[in-house]
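Throughout, read-outs are computed from the coordinates displayed, never taken from laboratory work. Treat the numbers as computed from the prediction; the structure is a model and nothing was measured. With ideal geometry, Cβ positions are generated from the backbone for all residues, glycine too; neighbour counts draw on all protein chains shown.
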Amino acid sequence: MKKVSALLFTFLFFLSLFGLFGCAGQSREPKDLLARIKFRNKIIVGIKNDSKPFGYVEDGELKGFDIDIAKSISKSLLGDDKGELIEFVVVTPESRISDLNSGYVDIVIATMSISAKRNHIIDFTNPYYVAGQALMVKEGSKINSIQSLNTRRAGIILGTTGEKTIRQLAPNATVVAKKNYNEAFNLLKEDRVDAILADDSILYGFIMNNEGYKILPARYTKEFYAIALRQGEENKELKDALNKILNNMQQTGKLNRIKEKWIPNLHKGA
Ligand code: GLU
């Protein structure tokens, strides 16, 4: 009997030790996301790789407006001068909300517009850029407005705000939806659609690289790009910190310099 209780005691002793250290191990990671980012000395950012000049790959490197925003944030939060403490994770318009809400990424900086629908499930900082939805067509195209797409074919990108606009403004258009911008652009290139509806800021990237295309002058929406976060108390400190950083970038002219670097000619007749 003595032997059994000694064994039991030893077992319970080790169990409690394991429990103690086990819990201690878990609780070392703070719950608050800003504290967690600082604790692990790394920020995980959802970014796009097909949306020049906001997020794209050149010479094997991620570049663009959104990447520069991420670098400024990492510098402010972690003193990260070279952007080495950012883990970039490629997201798509379709995946980014679940990537965020599943905890796969800390924040999303991916040409993402604030919308009433998205506000139900995620949170946003203040906007850092305003784009507008527009149509891209081939030079010489007869399409001159979104309404003229009612009897034609429109290309859009799944998971973007363009889905709603095309349904509202050209409900009878034949809509061809693609998962990414390059596939949508190929539709236009191969005359499988008559126009692409997307943010002017991203269409601009295709105009820069390809002859024979144009963006029509009309803008059908205002797209307020903001950094997306998860909802809830644990993300509040981070949201406040990000808003402060964006505000500071605005005040110091840093945001304008990034704009000028990546989209110098967007509003000059691109
Ligand atoms: N800004 C639009 C949106 O949030 C489209 C751009 C994108 O592909 O992310 O849906």
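Between the Cα long axis of helix 200-209 and the first principal axis of the chain there is an angle of about 70°, rounded to the nearest 10. Extent along the principal axes, Cα only, for the stretch 18-133: 56, 35, 23 Å, with the longest axis given first.
Consider all pairwise Cα distances in the stretch 74-166 and report the whole-number % of them above 19 Å.
Details: 2433 of 4278 pairs.
Of all Cα-Cα distances in the stretch 74-166, 57 percent exceed 19 Å.
Geometric descriptor of the stretch 112-227, per residue, is 99 Å³ (volume of the convex hull of the Cα atoms). Among Lys222, Lys75, Lys117, the largest mean-square fluctuation in a Gaussian network model of the chain (Cα springs under 10 Å) belongs to Lys117.
Comparing mean-square fluctuations of Arg28, Arg167, Arg230 from a GNM of the chain with C-alpha springs under 10 Å, the top value falls on Arg28.
Given the chain, report the % of alpha carbon pairs whose separation exceeds 22 Å.
Numbers: 21952 of 36315 pairs.
The calculated P(r) of the chain puts 60 percent of pairs beyond 22 Å.
Give Lys117/Lys259; Lys63/Lys254; Lys48/Lys71; Lys142/Lys178; Lys31/Lys236; Lys42/Lys239 a once-over and call out the pairs whose C-alpha atoms are over 19 Å from each other.
Lys117/Lys259; Lys142/Lys178
What's the Cα-based Rg to Rh of the stretch 38-95, Rh via Kirkwood? List each step's numbers first, then the result.
Values: Rg = 11.4 Å, Rh = 11.6 Å.
Rg/Rh: 0.98.
Backbone N atoms of the stretch 193-220 closer than 19 Å to the 7 Å Cα→Cβ label point of Ser145 belong to residues 194-198, 215-220. In this structure, the amide hydrogen of Ile157, modeled 1.01 Å from its nitrogen in the peptide plane, lies closer than 5 angstrom to those of Lys178, counting only residues at least 5 positions away or on a different chain.
Semi-axes of the equivalent ellipsoid for the stretch 224-263, computed as √(5λ) from the eigenvalues of its C-alpha gyration tensor and ordered from largest down, come to 24, 12, 5 Å.
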